[in-house]
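The values are calculated or read from the model by the stated rules, or taken from the named source; none is laboratory data. Model, not experiment: these values are computed from the prediction. Glycine also receives a Cβ, built like all others from the backbone with ideal geometry; neighbour counts cover every protein chain displayed. Heavy atoms of the whole protein, side chains included, go into the accessibility calculation; ligands, DNA and RNA do not. Shrake-Rupley method; radii C 1.70, N 1.55, O 1.52, S 1.80 Å.
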Amino acid sequence: MKETFVNIACYQYSSEAQIVKGKLQSEGIEVFLADQVLIDTDPLISQAIGGVKMNVRTCDRARALAVLNEIENYSLDNEGKRLICPSCNSIHVKVYTNVKDLRSFLAFLISFLTFSLPIHYKYDYYCESCKNKFS
Ligand SMILES: [Zn+2]
């Protein structure tokens, strides 16, 4: 029987994908990352090609998504600790990048094409509990 795979998540950095991959594997789910090596070679192209794709077998999909739900919703810092909102101490913090809007995406693209550092490229965090935004 031919195996089929399904994409369950995308990550901007392969380190992030690796953390989640480890968690899924510890649950007995085999994970296949796509474009990981490419992004490791040049992390700046991650946005352009859609990040590291995390795929699992179609039959593992529901289980994998349940694991992702547990761990994925809230942001981790570089040491893998949960980020906490500075104003209300909530753990319900999500990362967003301002590259998602068109102007910064174009700025990103231009800087990518000209090999300069992206000016509009940064992360912010967003607290779901108190709507606080912080960096
Ligand atoms: Zn908050």
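Structure notes:
- Total residues in region 7-20 satisfying the condition of being crowded, with 16+ Cβ neighbours inside 10 Å, out of contact with any Gly (no Cβ under 7 Å at 6 or more places or on another chain) and in a strand (DSSP E or B): the figure is 2.
- On the stretch given as region 113-135, residues that are closer than 12 Å to Lys94 by Cβ and either at pLDDT 80 or above or near the ligand (Cβ under 10 Å from one of its atoms) (or both) total 9.
- The set of residues in region 21-39 being open to solvent by less than 70 Å² (accessible area, probe 1.4 Å) and in contact (Cβ under 8 Å) with a residue 40 or more places away in the chain consists of Lys23, Leu24.
- Residues of region 40-61 that are buried (at least 17 other Cβ atoms within 10 Å of the Cβ), of a type in the set (Val, Ile, Thr) and either under 14 Å from Phe5 (Cβ atoms) or without any contact (Cβ under 8 Å) to a residue 12 or more places away in the chain (or both): Val56 alone.
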